[in-house]
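Reading through the structure tokens given below for one structure.
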Amino acid sequence: MKGLRRLNGRNLVWQVPLLLLFSFPLWRPPLAAFLAPRGGYDPSLAQNRPDGHDFVMNRVHITQSHQGKNTLDLVSEQAMTGQTTDEFKMDQIKAVITGKDGKLSYVSARKGVFDKSTSLLTLIDDVVINKPSEKYEITTELLHYDDKSKIAYCPGATKLKGEKITIKGGSLTYNTFAGSYDIGGRVFCRLTEFIRP
């Protein structure tokens, strides 16, 4: 009896794999359906893939001009494609904006996005604007500059610091054509060497 049990146990060792092999046509379809990727796969999609425009470039230089004169000169340490083919995401930006009067504004920021179709430049993180001709500096965290309308808009807290003046506001709009400023929100102004009238 013990010998029979031992023999049956040995037989099972090779009978189970043999049984699985012969029954393969029966259990293959449900297993394949279970293991198939969800959503399916259409090989024609891989062949009809549109041309990709994804890229990353180092030390990028972009120039915008109007009637033969440079209006925006932009240098970025690194640029890559954005949401559309006309949009560039950039890191470590330095820009020179030329006003209508020819005066230059020097701008720097850590990050930014430039849309060449709308000529809209958005700068983010540690944005600094220097106007040497008027001897002041503007600092903010977010700046939108429209090269077509020549209007710069800072929707958040902004600080303007000159030789004898410091102005802090909740927002700032600067029209480079008119040379006018509009400071919104709570405005704090500090003047030094102010002479009372």
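On average, how much accessible surface per residue is there in segment 46-197, in Å², for a 1.4 Å probe, leaving out ligands, DNA and RNA?
Working: 9630 Å² over 152 residues.
Spelled out: the 1.4 Å probe surface of segment 46-197, per residue, equals 63 Å².
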Task: Sequence ranges 59-68, 75-84, ranked by mean other-Cβ count within 10 angstrom, highest first - done: 75-84, 59-68
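With a sphere of radius 13 Å drawn around the Cβ of Lys161, what net charge do the other residues whose Cβ falls strictly inside it have (Lys, Arg +1; Asp, Glu -1)?
Numbers: positive: Lys131, Lys135, Lys159, Lys164, Lys168, Arg190; negative: Glu134, Glu137, Glu163.
After counting each charged neighbour, the total is +3.
Please list 121-128, 172-179 highest first by mean number of surrounding beta-carbon atoms within 10 Å per residue. Display every interim value, and only then the final one.
Working: 121-128: 19.0, 172-179: 17.2.
In decreasing order of mean packing, 121-128, 172-179 become 121-128, 172-179.
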Open item on the list: Rounded, prolate or oblate for segment 67-131? Axes are the square roots of the Cα gyration tensor eigenvalues, ordered a ≥ b ≥ c, and the cut-off for rounded is a/c under 1.5.
Closed with: oblate
- [ ] Calculate the spin-label point distance for Ala36 paired with Lys161, positioning each point 7 Å from the Cα along the beta-carbon direction, and give it in nanometres.
- [x] 6.7 nm
Task: Mean Cβ neighbour count within 10 Å, used as a protection proxy, ranking 16-27, 147-158 highest first - done: 147-158, 16-27
- [ ] Using only alpha carbons, build the gyration tensor for segment 64-197 and give me the equivalent ellipsoid semi-axes, biggest first, whole Å.
- [x] 28, 16, 13
- [ ] With θ set to phi - 60°, apply the Karplus curve 6.51 cos²θ - 1.76 cosθ + 1.60 along segment 171-184 and write out the HN-Hα couplings as whole Hz, x wherever there is a Gly or Pro.
- [x] 7, 8, 10, 10, 9, 6, 5, 7, x, 9, 10, 10, 9, x
Task: Efficiency of FRET between Arg59 and Tyr106 - r from beta-carbon atoms, R0 22 angstrom, step 0.05 - done: 0.75
Open item on the list: Computing the accessible area with a 1.4 Å probe over protein heavy atoms, can you report the carbon and sulfur percentage for segment 49-197?
Closed with: 51 percent
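The values are calculated or read from the model by the stated rules, or taken from the named source; none is laboratory data. Source: prediction; values computed, not measured. Ideal geometry is used to build each Cβ from the backbone, glycine not excepted, and the neighbour counts take in all protein chains shown. Each accessible area value is taken on the protein alone, full model and side chains, heavy atoms only, with ligands, DNA and RNA left out. Shrake-Rupley method; radii C 1.70, N 1.55, O 1.52, S 1.80 Å.
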